[in-house]
Amino acid sequence: MTFPRDNMMYRERHCPREEEKLHCLVPAPNGYVTPFPWPKSRDYVPYANAPYKALTIEKAIQNWIQYEGNVFRFPGGGTQFPQGADKYIDQLAKVIPITNGMVRTALDTGCWVASWGAYLWSRNVIAMSFAPRDSHEAQVQFALERGVPAVIGVLGTIKMPYPSRVFDMAHCSRCLIPWGANDGMYMKEVDRVLRPGGYWVLSGPPINWRNNYRAWQRPKKELEEEQKKIEEVAKLLCWEKKHEKGEIAIWQKRVNDEACRSRQHNSQANFCKAEEANDVWYKKMDACLTPYPDVSNPEEVAGGKLKPFPERLYAVPPRVASGSVPGVSVETYQEDNEKWKKHVGAYKKINRLIDSGRYRNILDMNAGLGGFAAALDSPKLWVMNVMPTIAEKDTLGVIFERGLIGIYHDWCEAFSTYPRTYDLIHAHGLFSLYKDKCNLEDILLEMDRILRPEGAVIFRDEVDVLIKVKKITAGMRWDTKMVDHEDGPLVPEKILVAVKRYWVVGANSTSVQ
């Protein structure tokens, strides 16, 4: 609360100084239980796991969340979809091709309890949802308890932690973001992460202001001006308005800039540097236009056309085919896929709960080309693929082009999530990567914070690194077991499997020495 309130800066990510970091384990609340398996978890969350009733009172008439005995129930409603998220998505599907696999990755800004993302799952669309921590306490925690991908985040002054041109669809349902403000900076940031040909959905104020200005308790002129600014920025961005009915408006980003290059130049628009499009970690957001990749004809999709999902999961991603990721060729990509099919096959023999429905939220801390997530692909689970900011190769754009989701992060800092939000964590080569970068103990304590009680961790690294990890985890209430590489004991890379013991508030405290 000590940070400026301008542009939501006070709700952005702010990390403590090194000397202020806490070195402790976080207990689960009393009565904590393993979440319900998907799909029941979409609709029901145990009250003890996130004991916050504020939303059930403040949003009682909007059908978001209801408190029933020892569980919360999520009816699928929302401020802009009182009839339920399914019917709302049906409305969008009349304009956006949601059912044919061409829309696979979605971004939900200001997601609330992420019902939109929860109901998209049955249509094979995976949404990255985010919302800030605010007066309603735990919206993102509720989303993750339900088994829906979500992170704590806000459109403020810093770029979103995603590469350029990766989402097939972006969405705002009464998300309270001032889209026309700051020279359209937030729309320009959405444009940066939206794939050519992708869709942007805006529902709620100021759409349909003529009929709703009284209910919204805002001046007619103010709402009219707000929509006018949004329309002007959309034209500058080369977005084509496809639909406006009731309180829903939908724009589509052009597949390339051939049709509007002259318009953008005539307006003397400020263009971002193309090489900075993926340089986002703690970088200030600019009110500049992210240039499209070059094309050779007016019909070509800038950056390359994607296959429908699930075909795109193993198809060669355009960024690999074009050679735009240094050190990654078609051959190395295909070899990586085969390697991870083999690794995941070995993991399933070690831990038979994988793909049983027991693990829903999975975190890959050093995702590479996304081979681990692709080999695990199942309607029972999803994987948050993390691209460490210090990684030698930035392959996060490739991961998205496979129809997977992910995020940039520096593991010397806390991850943007609540405690106990992941069922299974995978760490391949992570501690070798962060050797001499920050304390190994800090990373392990962060893993413990975000791992559920009785959740599992799979480490894959050099044996000397894993011995150090095993020594620290002995004081963290983790049970561990070292396993040989699937190719035999002579391979220096080993696997360390860990399970976090169940313990709650009131149990004896544990300090890490």
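The values are calculated or read from the model by the stated rules, or taken from the named source; none is laboratory data. Values in this document were obtained by computation on a predicted structure and should not be read as measured data. Backbone-built Cβ (ideal geometry, glycine too); neighbour counts: all protein chains shown. When the accessible area is computed, the model is the full protein with side chains, heavy atoms only, and any ligands, DNA or RNA have been set aside. Shrake-Rupley method; radii C 1.70, N 1.55, O 1.52, S 1.80 Å.
Would the stretch 157-168 turn up any residue that is crowded, with 20+ Cβ neighbours inside 10 Å, in contact with a strand residue (DSSP E or B) (Cβ under 8 Å, 6 or more places away or on another chain) and at positive phi? Yes, that holds for at least one residue. Being surrounded by fewer than 21 Cβ atoms within 10 Å (Cβ to Cβ), within 27 Å of residue 479 (Cβ to Cβ), in contact with a Ser or Thr (Cβ under 9 Å, 6 or more places away or on another chain) and not charged (D, E, K, R) is a description that does not apply to residue 419. The sole residue among 301, 280, 328, 320 that is of a type in the set (A, V, I, L, M), open to solvent by less than 60 Å² (accessible area, probe 1.4 Å), outside any loop (DSSP other than H, G, I, E, B) and in contact (Cβ under 8 Å) with a residue 40 or more places away in the chain is 320.
Can you name the helices (runs of 4 or more DSSP H) wholly within the stretch 175-276 that have at least 1 residues being open to solvent by 10 Å² or more (accessible area, probe 1.4 Å) and in contact (Cβ under 8 Å) with a residue 60 or more places away in the chain? If you could, list the steps in order and put the result at the bottom.
Values: elements: 181-193, 209-212, 220-236, 261-266.
Result: 181-193.
Identification of helices (runs of 4 or more DSSP H) wholly contained in the stretch 415-513 with 1 or more residues that are of a type in the set (Asp, Glu) yields 440-450, 463-473. Being within 26 Å of residue 283 (Cα to Cα), over 15 Å from the mean Cα position of the chain (by Cα) and of a type in the set (Val, Ile, Thr) is a description that applies to residue 395.
Is it the case that residue 429 is farther than 17 Å from residue 494 by Cβ and small (Gly, Ala, Ser)? No.
Here residue 148 meets each of (1) at pLDDT 95 or above; (2) β-branched (Val, Ile, Thr); (3) assigned to a helix (DSSP H, G or I) with one exception, condition (3).
Just a yes or no: is a residue in the stretch 332-339 touching a residue at least 24 places away in the same chain (Cβ under 8 Å), open to solvent by 30 Å² or more (accessible area, probe 1.4 Å), more than 22 Å from residue 481 (Cα to Cα) and out of contact with any strand residue (DSSP E or B) (no Cβ under 6 Å at 6 or more places or on another chain)? Before you say what the answer is, go through the steps one by one.
Filtering the stretch 332-339 down to residues touching a residue at least 24 places away in the same chain (Cβ under 8 Å) leaves 333, 336-337, 339.
From the residues that got through so far, the ones that are open to solvent by 30 Å² or more (accessible area, probe 1.4 Å) too are 339.
Retained after the next criterion (residues that are more than 22 Å from residue 481 (Cα to Cα)): 339.
If we keep only those that are out of contact with any strand residue (DSSP E or B) (no Cβ under 6 Å at 6 or more places or on another chain) as well, we get 339.
Yes, the conditions are met somewhere in the stretch 332-339.
Over 27 Å from residue 240 (Cα atoms), among the aromatic types (Phe, Trp, Tyr) and either surrounded by 20 or more Cβ atoms within 10 Å (Cβ to Cβ) or out of contact with any helix residue (DSSP H, G or I) (no Cβ under 9 Å at 6 or more places or on another chain) (or both), is that true of residue 130? Against the criterion (over 27 Å from residue 240 (Cα atoms), among the aromatic types (Phe, Trp, Tyr) and either surrounded by 20 or more Cβ atoms within 10 Å (Cβ to Cβ) or out of contact with any helix residue (DSSP H, G or I) (no Cβ under 9 Å at 6 or more places or on another chain) (or both)), residue 130 does not qualify.
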